[in-house]
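Worksheet: the structure to be examined is printed underneath.
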Amino acid sequence: MCYFLNFLTLSRLFIAVIIFYLLTRPDGYFLALFLFIFAGISDYYDGHLARKYNAISQLGVILDPIADKILILFVLFGISINLSSYLIGFMGALIIAREIWVSALRDLNARNGKSNATKVTFLAKVKTSIQFFSISLYLFALAINNMLIIIIADGFLFISLLITLYTGLIYTLNSFRKDESHQ
């Protein structure tokens, strides 16, 4: 089961590259949307099945968040290039910078025995859901050539950016907070 779940996770890496390519072609928008939805569903199910069947592997725990970040990176940058949108590119860069920062905090906390300081929160899961929803809106808007939906997607991406930065701040404060028991 672990091999299958790790395969699902790795498939998101390849799907990210394919979607980026599809965004360079106007006839690729519907397939890009379909693949992104598939990637989002596979992300949900590989985590759900791993917990349900206790098929959690160390490799899967490491790869899953990396695959999500790479998927979001490729698709957001592909969309920003496609739409010539500095706004989407800038928000995408901030989102990815936060993800890299939080990954570094998690590594630091793991080395210092403070892994709970950067444990995934419910708000962080909401953030990821809004990011996936925003990207789906962009891809849907491109597929049906509707600029109004792109503006709506900009709003959702901005909301996800605010949540992204807020959760990054919380993780940072938790990571550098003095432990009361060691004073």
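Quick rundown of the values:
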| read-out | value |
| --- | --- |
| If the convex hull is drawn through the Cα atoms of the chain, its volume per residue in Å³ | 110 |
| Cα-projected label distance for residue 55 with residue 110, points at 7 Å along beta-carbon direction, nm | 2.3 |
| Highest-MSF residue in the chain out of 87, 33, 139 [GNM, Cα springs under 10 Å] | 87 |
| Accessible surface of the chain [probe 1.4 Å, protein heavy atoms]: carbon and sulfur percent | 71 |
| Per-residue SASA entry for residue 120, accessible area with 1.4 Å probe, Å² rounded to 10 | 80 |
| Accessible area expressed per residue, the chain, with surrounding protein chains retained (probe 1.4 Å, Å²) | 58 |
| Value at 222 nm in deg cm²/dmol, rounded to 500, when DSSP H runs of n ≥ 4 in the chain each add -39,500 (n - 2.57) | -29000 deg cm²/dmol |
| Nearby lysines by direct alpha-carbon distance to residue 178 (threshold 16 angstrom, same-chain neighbours under 8 apart not counted) | 114 |
| Farthest positive-ward along the stretch 76-132 dipole, Cα basis, beta-carbon charges - from 121, 103, 93 | 121 |
| Of 44, 171, 138, the one that fluctuates the most in a GNM where the chain has Cα springs shorter than 10 Å | 44 |
| Amide H contacts of residue 120 (H built 1.01 Å from N, under 5 Å, at least 5 apart or other chain) | none |
| Highest-MSF residue in the chain out of 144, 95, 81 [GNM, Cα springs under 10 Å] | 144 |
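The values are calculated or read from the model by the stated rules, or taken from the named source; none is laboratory data. In this text the structure is predicted, and so the values were computed from the model without any measurement. FYI the Cβ positions are ideal-geometry reconstructions off the backbone, even for glycines, and counts take in every protein chain you see. Protein only, heavy atoms only, side chains kept; ligands, DNA and RNA dropped before computing areas. Shrake-Rupley method; radii C 1.70, N 1.55, O 1.52, S 1.80 Å.
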